[in-house]
Amino acid sequence: MRAPWRTTLALILQTIAPIALPQTVLPVEQAPYHVPVFSNDYVTVLNVFIPPRRSSGYHRHSLDSLGVLIADTDRTGQVLGADETVTPRRGAGSVTFSFYGREENVHVVNVTGGAPFHNIVVELLKPAAGRLTPSARDGAAAYTQVLDNERARAWRLVLEPGGEAAAITQSAPGIRVVVAGGELVERVPGRPDRGMALRSGEFFWQDAGATRAVRNVGTTRIELVEIELK
């Protein structure tokens, strides 16, 4: 005969709903595969490189952020508390902006494909736009504007072998991100020409005030995204 207390305990256990364990949520700067690689008074740059079939874990974005996609793959995303969804693929060089300073986002990225996901994320450390005025570059036909909001302005520059972009003067500080690398020569008035062997996924901080022209002296197509802050 079963002891009465055992029967009572069994009934209690049957009526208790499973308790969901809390998710571990890290700041994005500490999340797996999100590596801070540069920081100054204006920005923190994260090199986001998630290998095949790996996960970023849940992490929190709280700063306005700009992303330049280097390579995409099959992946899913899930906002904390919501259903997991398949993330549509985007082309290399895609530029996105998220106003996380207005509304934080906690999510996870899961790479389901056989190739890595690679994104360069630029976090803006100032809480709001400052007194910076980016250039227009309207007269430089090689530059195509791909982003313009209250925090930043960005252009895409594509140079085929032998191609050249006319000189521009950068009015505000910012970053150059290399989407597709190659051999570039940069011409700055008053200085010797400087050759650069650029690699996909690299980036360079650029101060305001510089005037420069660039030419592709290699044998491969070069694609850059240049960003100026506001």
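Among residues of segment 197-230 being in a loop (DSSP other than H, G, I, E, B) and among the hydroxyl-bearing types (Ser, Thr, Tyr), the one that is farthest from residue 127 (Cα to Cα) is 219. Within segment 116-128, being over 15 Å from residue 56 (Cα atoms) and either touching a residue at least 40 places away in the same chain (Cβ under 8 Å) or of a type in the set (Lys, Arg) (or both) holds for 122, 123, 124, 125, 126.
List the strands (runs of 3 or more DSSP E) that sit entirely inside segment 23-111 and contain at least 1 residues that are surrounded by fewer than 17 Cβ atoms within 10 Å (Cβ to Cβ).
On the way: elements: 34-39, 43-50, 59-61, 65-71, 75-79, 95-98, 105-111.
The qualifying strands (runs of 3 or more DSSP E) are 34-39, 65-71, 75-79, 95-98, 105-111.
For beta carbons closer than 8 Å, sequence separation of 6+ or different chains, a first residue in segment 25-51 that is more than 19 Å from residue 230 (Cβ to Cβ) and a second that is part of a loop (DSSP other than H, G, I, E, B) and among the charged types (D, E, K, R), the qualifying pairs are 32/54; 33/54. In this structure, residue 190 does not satisfy being free of Cβ contacts under 8 Å to residues at least 40 places away in the same chain and part of a strand (DSSP E or B).
A short reminder: the numbers here are calculations on the coordinates, not readings from a lab. Nothing here was measured: the structure is a model prediction, and the numbers come from that model. Neighbour counts are summed over all protein chains in view; Cβ atoms, including those assigned to glycine, are modelled from backbone coordinates with ideal geometry.
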